[in-house]
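FYI, it's all coordinate maths here, none of it is from the lab. Because the structure is a prediction, the values reported are computed rather than measured. Here the Cβ positions follow ideal geometry from the backbone for every residue, glycine too, while neighbour counts run over all protein chains shown.
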Amino acid sequence: MKPIPLRQVAVMTEGLLISGNPEKLVTSAHFDSRLLEEGGIFIAVVGERDGHDYLSAAAEKGACAALISNEAKLPSNLPEDFGVILVNDTVRAFEKWGGKYRQQYDLPIIAVTGSNGKTTTKDMLAHLLGQTMSVYKTYKSFNNHLGVPYSLLQLDESHQAAVLELGMNHAGEIDRLAALVQPQISVITNIGDAHIEYFGSRQKIALAKGELLPHTAEDGLVLLNGDSPYLRQIAHLYTGRILYYSVQGPADLWAEEIRTDERGTSFLVRFSSGESFTAALPLFGKHNVANALPAIAVAKELGLTTEQVKAALASVRISAMRFQVITAPGGALLINDAYNASPASMKAAIETFAEIYPTRRKVLVLGEMLELGAESARLHAEIGTYTSLYKEQLALVLTIGEATRPLYDAYQGEKLHVSNKAEAAAALRDVLDAGHAILFKASRGVRLETLVDELAQE
């Protein structure tokens, strides 16, 4: 973020500067008082916790100002020169600031959304583009109403491109975020059952994800996963150029000859223009090839050569807890894929796990998929039935928690059901030797990585 006078922050947030030096330069912004930097402004968000209760802590961390909505909660011990901007809604004001700040930069911004694969696709895009330009990418998964404006405010003159992830739980959220981002290029990875509790159908999820399309520049580019029929149904929401990609058959670009082994995944990239080349990823599974295809297309669109793309793919690294392989002291491979889970990503992980480590006995540890609402029991049972297709490759399926009981009941191979992670840890201690590989998969709220961390110390 480039330094901005406090008076200009008041203008961009449409607020009132009620105290502080108008010329004081603000050098950063954050909504978490623990992460504030010297010279930053604290955004006092009112949610489960009231940010106004942390104004003193923010000042102690070195914040020079705060964006507030409740004057009555201003503490008396703030520094005399502490800046205060009053607004009606701090979240909305933060969004306005991010959107107006973004307009100061004329650079390609790539927006990524979808039910699964958003963060991995974002990481791949940033890595490929980073071979030839300075790229800002969304920090971790800061992809919501706070994370997106925060990401926009990180832009400065050094950046030549940005890759931003947009997430949602409800209709209208992508529309609001995309209006701030105004992307030149947009990617929708797929439409699945994630958050179906709030929508009721995949069609409505597709419509919500499709809110990104009208905000994409008319002379820009949209990349859609051609293997998702719902994305073809919403393509009319964008009147510019659209490229479809696929891992199932010919499209504008597609992948063939996909092979996964213990080193990663190799594949052949084909374009409808006739161009083709072989590529390799140090990642597992067809789903990661699907994540790579839009990154390849965008990289080529922005001027990378085929050789640069191939070299970047071979060295790509993605965020933690996404098929992250850890060797336990006893020699077992612990595969932490516990960042999140939906029916589609669960199936992809299971299929991939079944393909690799043929000399090891494989154990599948599954926790609950959250936010499935009334469909939860049916969708968990569906995963159990699907997993049965690979029962010959799996030594054991271990399910955790009452919500996974339908999955356990539907699975037709060797299995064990436990009530909690402590019971799971006890059951897994006998399979931590070098002859085993164990995959852990569940929704973020289950925090299954704590089980992985415990076993990694055994």
Under 17 Å from the Cα of Lys362 - lysines, other chains or at least 8 residues apart: Lys347, Lys391, Lys415, Lys441
Between the alpha-carbon centers of segment 217-248 and segment 348-404, tell me the distance in whole angstrom. 31 Å
Cα centroid separation, segment 139-192 to segment 23-99 (Å): 23 Å
Obtain the nm distance between the two label points defined at Glu454 and Lys310 by a simple spin-label model: each point lies 7 Å from its Cα along the Cα-to-C-beta direction. 4.7 nm
How much mean residue ellipticity at 222 nm does the chain get from its helices, if each DSSP H run of length 4 or more adds -39500 (n - 2.57) and you divide by all residues, to the nearest 500 deg cm²/dmol? -8500 deg cm²/dmol
Mind grabbing the base-10 log of I(q)/I(0) for segment 171-245 at q = 0.12, 0.13, 0.19, 0.21 Å⁻¹? Debye formula, identical points on the C-alpha positions, no solvent, two decimal places. -0.29, -0.34, -0.72, -0.87
Between Asp433 and Asp89, what length in nm is gained on full extension when 0.36 nm per residue of separation is reduced by their alpha carbon distance? 118.4 nm
Peptides ranked, highest mean first, by Cβ atoms within 10 Å: ranges 5-12, 197-204, 38-45: 38-45, 5-12, 197-204
If we sort 84-92, 450-458 on the protection proxy, mean other Cβ atoms within 10 Å, highest first, what's the order? 84-92, 450-458
Binned at 10 Å from 0, what are the whole-percent values of the Cα-Cα distance distribution for segment 4-90, short to long? 20, 59, 20, 0
Express as a percent, rounded to the nearest 5, the fraction of DSSP beta bridges in the chain (both residues included) that run antiparallel. 30 percent
Note down the nm distance, to one decimal, between modelled labels 7 Å out along Cα→Cβ at Ser266 and at Ala422. 4.9 nm
For the chain the translational diffusion coefficient, Stokes-Einstein from a Kirkwood Rh over Cα pairs at 20 °C and viscosity 1.002 mPa s, in µm²/s, is roughly 91 µm²/s
Protection-proxy order for peptides 132-145, 417-430, each taking the mean of Cβ atoms within 10 Å per residue, highest first: 132-145, 417-430
Label-point separation (nm) for Lys2 and Thr385, each offset 7 Å from Cα along Cα-to-Cβ? 5.8 nm
